[in-house]
1. Which whole-angstrom value gives the distance between the alpha carbon centres of region 265-292 and region 294-309?
2. Using the Cα gyration tensor of region 175-232, with a ≥ b ≥ c the square roots of its eigenvalues, what is the shape: rounded (a/c below 1.5), prolate (a/b larger than b/c) or oblate (neither)?
3. Is the shape of region 271-382 best called rounded, prolate or oblate, per the rule: a/c under 1.5 gives rounded, else a/b larger than b/c gives prolate, else oblate, with a ≥ b ≥ c the square roots of the Cα gyration tensor eigenvalues?
4. Have a look at region 69-143 and give its Rg and Dmax from the Cα atoms, expressed in angstrom.
5. Taking H as built 1.01 Å from N, whose amide H comes closer than 5 Å to the amide H of Arg264, not counting residues under 5 places away?
6. What pairs in Lys259/Lys329; Lys133/Lys329; Lys185/Lys229; Lys212/Lys373; Lys256/Lys329 have C-alpha atoms more than 29 Å from each other?
7. If exposed means no more than 12 neighbouring beta carbons inside 10 Å and the site is in a DSSP loop, what's the longest run of the chain without any exposed trypsin sites (Lys or Arg not before Pro)?
8. Treating only the Cα positions of region 272-320 as identical point scatterers, give the base-10 log of I(q)/I(0) from the Debye formula at each q in 0.16, 0.18, 0.20, 0.21 Å⁻¹.
Amino acid sequence: MRIMHLSRASLMLHHFVLPVAQRQREEGHYVCFCGSNDVHSRQLQAHGFDVFVHGLQRSLNVFLLAREIARVRRILQHSRIDMLVCHSPLGAGIGRIAAGLVGVPCVVYFAHGLPCAPGQNWLKWGFWFFIEKALSTLAHAVIVMNEYDENLCRTRLYRDPGRVFRVPGMGVDVHRFRPLDDIAKQQAVRQGLGIPPDAFIVLCSAALIPQKGVFVLQEAASHIIKRNKHIYFLLAGQGPCEGQLRRENERLGLTKQFKVLGWRSDVDQLLYASDLFVLPTFYFEGLPVSILEAMACGKPVVATKHRGCEDAVVHGDTGLLVPIRSSDKLSQAILQLASDAPLRNSMGDAGRLRVAARFEKSHCTDIIVATLKEIWRMTEEA
């Protein structure tokens, strides 16, 4: 079988889809990618995969979208693809339309979070729901990662619930992300960040966009820092709001205790040195990998009562869930855990066990590969 994985950004393909593609190739299939032309596409090529490049951008300009549909259509024709697996909302929209024009035998929409997500105003939600409903007829099956998306697909988006499959996300490498009791290593990370050895560290790793709740976190941190000079915040990630966050830090006088780190490749090291992980997101989450990585490291988590987060965090057991866009509730949860070491330890232990049992990477890869095989069999029998 000839399989292509397509996404708007090659970053998603490289960081999340690569293990699935490698497993499919080991089983004797031809597997290739279609994504953006950047360092991540070159890294996929370094693993021995063919990578076809499109020019898709974060834009709903109809002329640009039409150009990319034509481009992907030509790529699919040239590659003689049997199964197209579409990742990301925009890439999946273009991919499904192009595959329908070509007549690809099996088209799968792998939804890493449907764009019609809770937390939006009803106009945005309705717009994306209409788009997803219109495109639902162009996929033979959809794969989702969380309960909200599964229920929405089964009850409102897809006429046949048998076309809806749920997997436990892309998984976490529990050997890389694990609890670490090396005090010297923890202190070395803290020293490198200019943080006192006895400080309490709150880490957030996320794209620096408003929907990830980064400004909500900054507001919560400003309330906490005024009352407690012992608590430090680390914000790791990159995005269009990085400059604004730094300027706001200066205005609020938070630069010493709220550190905007930018892009980091050593998130595992930051987790080792941290006491608590926070993700106040209201974004199009599927199943946030950052939360699972923190839990795998034995860290308690404070996240929002939001799609995906609720599927990862068990409130009161592995962490705490707070309302979206509420800096007050977020700061209360952070302070509660900062003052209760036994509760943090029990939540961290429970989180590690939950990830090891449900979200270990090879286990998730097995489920995804088996699900794609089942969809192929279903398509052949139809």
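The values are calculated or read from the model by the stated rules, or taken from the named source; none is laboratory data. Just so we're clear, the structure is a prediction, and the values are computed from it rather than from any experiment. With ideal geometry, Cβ positions are generated from the backbone for all residues, glycine too; neighbour counts draw on all protein chains shown. With ligands, DNA and RNA removed, areas are computed over all heavy atoms of the protein, side chains included. Shrake-Rupley method; radii C 1.70, N 1.55, O 1.52, S 1.80 Å.
1. Computed from Cα coordinates, the inter-centre distance equals 7 Å.
2. oblate
3. Verdict is prolate for region 271-382.
4. 12.9, 42
5. When sequence neighbours closer than 5 places are left aside, the close amide H contacts are Gly237.
6. Lys133/Lys329; Lys212/Lys373
7. 257-382
8. -0.36, -0.45, -0.56, -0.62
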